[in-house]
Amino acid sequence: MTAYDEQRLAELIKALPPAPQAWVEAAQELPLVRGQLDDIVARAEADLAFRDALIANLEDALRLEGYKPETIPLDELRRRLEH
Amino acid sequence: MQLTSLPDAQLVARCRSGDEDAWRELVSRFSRYVYAICCQAYRLRQEDAEEVFQEVFSRAYQHLGKLRDDEAIRPWLGQLTRRLCIDRLRAGSREEIVDPETMPGGVDDKMETLDEAFAVHEAMAELSENCREILDRFFARDESYQTIGAALDIPSGTIASRISRCLSRLREAFAGRNPEPRPSS
């Protein structure tokens with residue numbers, strides 16, 4: 001890589017604006033979300049009534065158990081419950 | 001050593017061991033790069049870009065263990081982002097034929113620029129926090145002198161000269177990290 005003049009450096013700083021903060025925060029929360037997902041699937045495997053409730057109405061069943069459905073990747077959870 | 005100054009390979013190793021703070025830093029470190037590939041190189045609409053952005057980090061989190069070379073995290077994320085952007089464009093191309101590799105400006109050229117930009121942002125880490133903030137706010141966040149002055153509590157009349165001084169320091173820092181090859185004799 002060659003040395004750059006200051007104008008080129010300025011252009012390159014400009015080329016990487018920050019991503020929207022909400023996107024970054026959502027991606028940073030992934031470990032928490034993954035943990036929740038694993039927890040729900042494990043509970044569903046151990047408790048058939050809970051599993052049936054999830055399959056009948058996923059969002060309601062999650063709310064009843066104190067989860068926040070809007071923070072959980074529901075499509076992925078459905079896929080994992082089907083297996 | 002602070003997480004922000006950990007080399008990529010060590011940061012990846014910490015993420016793999018389940019360190020959630022390391023994961024936060026990893027997302028923070030590469031978020032601009034992934035975002036720029038989505039929005040600048042592939043020109044995805046904002047809602048598509050957001051989905052690809054989340055999918056990139058979700059897959060990265062799940063498959064970090066498969067990364068063969070921890071130092072190669074950035075090119076790996078870059079390739080993953082490119083593949084997901086192309087998938088997204090193809091999925092949405094029923095009405096409009098899109099060939100991402102022949103888009104105006106050329107994706108490869110844009111990727112090269114983004115890689116250079118990433119190297120410049122890395123060099124900014126060697127500047128004082130004040131310099132980093134001023135340069136980032138003015139160029140990357142497109143903030144006015146007035147906004148920067150108010151945020152950093154410095155007279156807005158001095159911002160231009162500070163920008164110039166900080167750019168000059170950045171040039172030195174960047175040259176130190178990327179020395180020009182000596183001409184062969």
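The values are calculated or read from the model by the stated rules, or taken from the named source; none is laboratory data. What you see is a predicted model, and the numbers here were worked out from it, not measured in a lab. In this analysis, Cβ positions are derived from the backbone assuming ideal geometry, glycine residues included, and neighbour counts consider all displayed protein chains.
Against the conditions (1) under 31 Å from the mean Cα position of the chain (by Cα); (2) buried (at least 19 other Cβ atoms within 10 Å of the Cβ), A:P31 satisfies every one except (2).
Taking region B:136-152 as the search range and keeping residues that are away from every other protein chain (no Cβ under 11 Å) and hydrophobic (A, V, I, L, M, F, W, C), which one is surrounded by the most Cβ atoms within 10 Å (Cβ to Cβ)? Out of the qualifying residues, it is B:I148. Among the residues that make up region B:135-146, is at least one of them within 17 Å of the chain's Cα centre (by Cα), at pLDDT below 95, closer than 28 Å to B:L6 by Cα and not β-branched (V, I, T)? No, region B:135-146 contains no residue that is within 17 Å of the chain's Cα centre (by Cα), at pLDDT below 95, closer than 28 Å to B:L6 by Cα and not β-branched (V, I, T). Scanning region A:52-79 for residues that are under 15 Å from the mean Cα position of the chain (by Cα), of a type in the set (A, V, I, L, M, F, W, C) and in a helix (DSSP H, G or I) turns up A:L74, A:L77. On the basis of being under 12 Å from the mean Cα position of the chain (by Cα) and in contact (Cβ under 8 Å) with a residue 40 or more places away in the chain, does A:L37 make the cut? Spelling it out, A:L37 is indeed under 12 Å from the mean Cα position of the chain (by Cα) and in contact (Cβ under 8 Å) with a residue 40 or more places away in the chain. Among the residues of this structure, B:R177 counts as one that is of a type in the set (K, R) and loosely packed, with under 15 Cβ neighbours inside 10 Å.
Exactly one residue out of B:I37, B:I73 is more than 9 Å from chain A (Cβ to nearest Cβ), touching a Ser or Thr at 6+ places or on another chain (Cβ under 8 Å) and touching a residue at least 24 places away in the same chain (Cβ under 8 Å): that is B:I37. Filter region A:14-38 down to residues that are farther than 15 Å from A:E70 by Cβ and more than 8 Å from every other protein chain (Cβ to nearest Cβ) and give me whichever is modelled with the lowest pLDDT. Looking at residues that are farther than 15 Å from A:E70 by Cβ and more than 8 Å from every other protein chain (Cβ to nearest Cβ), I get A:G35.
With respect to (1) charged (D, E, K, R); (2) in contact (Cβ under 8 Å) with a residue 12 or more places away in the chain; (3) at the interface with chain A (Cβ under 9 Å from one of its Cβ atoms); (4) more than 15 Å from B:F118 (Cα to Cα), the lone exception for B:E50 is condition (2).
Restricted to region B:163-174, and to residues there that are free of Cβ contacts under 8 Å to residues at least 40 places away in the same chain and surrounded by 20 or more Cβ atoms within 10 Å (Cβ to Cβ), the residue that is farthest from B:M124 (Cα to Cα) is B:I163.
Figure legend. Inter-residue proximity from region A:62-79: first residues farther than 13 Å from A:D38 by Cα, second residues surrounded by fewer than 14 Cβ atoms within 10 Å (Cβ to Cβ) and among the hydrophobic types (A, V, I, L, M, F, W, C), beta-carbon distance below 6 Å, spacing 6+ or different chains. No pairs are indicated.
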